[in-house]
């Protein structure tokens, strides 16, 4: 674990130093007409702040007392993230400037070689300087993400949105017409720092008066004990036909070091108990039938299965469907939408609708009317909202909580309320 912490601290230090060194070239250009004394003080302040950022960020890894202080960990990481994402954007402007300077240098050198053969004179000593207006434009543009990301921490993190979605299923039994199904995903209770705000979100869930509730994974970030402070709040989530839940990739505790395998196993066993205490039916590669007025639909829940990076492949859809009676509609809870893309849509056409989460919509993007954009779309073809693939449907919930960056910009935390219809 110590080796990992050292590697992470070194990597972050190198990234911070590189961004500081490169972005300084633009800052220096903007103030190049100021006195050397001013430039010296500005340089010392600029790089001094970078050193402070490195020390603050690294301290949480090596000082146990700080590592356990949630607010310190969350906000120091977020502050460093916001500052250096903004600097990265600024560096993109500088890179564009450097590329055009390089092209001009190539043209100049070519002209110089040509001039020697034609006896024309070209000033080889003339410098191709950095464009001051590009440095200034980049600095001004950088202020936008800096402001948005800062605002996203204090406003966006708990700005819950109730999204209502009519879900049409061609074989829906008449008894289920108009049934209200609510989906919540990616709670990430270990990231919360405002209990009252979470209560307001849960109040929205209760007020929806859904008949059936799905939770599609990631109750915690890493450890079960993260859920204890919020168990009293989430235990108030009830529905007449039940609350059904599954695991997400973070629930297994795979992203932190455990002293023993037994400790890791106990952590997962404790999480099973948390779901029971909440009154949620945790589905681990299994199925149930939901009955109303002597008519039935099938509900299937799988463990996490993802085909990106190191995500687990514990989901077993064949095992989960085993013993499921012949029902006209089958609904699937599967945390990662890539499971639908790679397995469900290709080999299980009997699944009518899949409910997923996982992407968080990257917690950053733009949604205006039918237009939506997020960096998520470059990783997941289906990343937020309702999708239709042939006769099947997939809904990807944007998530109730947050991870890493403690906020949201443009992609707000979501509670989804479906109304089932035949069609």
### Query
At a Förster radius of 45 Å, what calculated FRET efficiency corresponds to the Cβ-Cβ distance of residue 193 and residue 96, to the nearest 0.05?
0.75
### Query
Taking Cα atoms, how many degrees apart are the long axis of helix 195-207 and the longest axis of the chain, rounded to 10 and kept between 0 and 90?
40
### Message
Looking only at the range 160-422, where both bridge partners belong to it, what percent of the DSSP beta bridges are antiparallel (to the nearest 5)?
### Response
40
### Query
How much length is gained if the chain between residue 168 and residue 229 is pulled fully straight, taking 0.36 nm per residue apart and subtracting their Cα-Cα distance, in nm to one decimal?
18.2 nm
### Message
Checking the a/c ratio against 1.5 first, then a/b against b/c, what shape does the Cα gyration tensor give for the range 160-422?
### Response
rounded
### Query
Under a GNM of the chain (C-alpha, springs under 10 Å), which listed residue has the highest mean-square fluctuation: 147, 157, 262?
262
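Once the Cβ-Cβ distance between residue 273 and residue 175 is put in as r, and R0 is 25 Å, what FRET efficiency do you end up with, to the nearest 0.05?
Details: r = 34 Å, r/R0 = 1.36.
The calculated FRET efficiency here is 0.15.
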### Query
Say we join alpha carbon atoms closer than 10 Å with springs in a Gaussian network model of the chain; which of 246, 85, 140 then has the biggest fluctuation?
140
### Task
Note the angle between two axes, namely the Cα long axis of helix 2-30 and the longest principal axis of the Cα atoms of the chain, as a number of degrees from 0 to 90, rounded to the nearest 10.
50
### Query
Under a point spin-label approximation (7 Å from Cα along Cα-to-Cβ), what is the residue 55-residue 144 distance to one decimal in nm?
3.6
### 0 to 90° range, to nearest 10: angle between helix 132-154 axis and the chain longest Cα axis
30
### Task
Considering only 392, 25, 183, give the residue with the highest GNM mean-square fluctuation for the chain, with springs between Cα atoms whenever their separation is below 10 Å.
25
### Query
Between residue 33 and residue 159, what length comes free when the chain is fully extended (0.36 nm per residue of separation minus the Cα-Cα distance, one decimal in nm)?
40.8 nm
### Query
Is it possible to state the helix-based mean residue ellipticity at 222 nm for the chain, with each DSSP H run of 4+ residues giving -39500 (n - 2.57), the sum divided by total residues, to the nearest 500 deg cm²/dmol? What is it?
-14000 deg cm²/dmol
### Query
Using a basic spin-label model with each label point 7 Å from the Cα along Cα→Cβ, how many nm lie between residue 107 and residue 371?
3.3
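Here, each number is a calculation from the coordinates, and none is a lab measurement. Nothing here was measured: the structure is a model prediction, and the numbers come from that model. Reconstructed Cβ throughout: ideal geometry from the backbone, glycine too, with neighbour counts over all protein chains shown.
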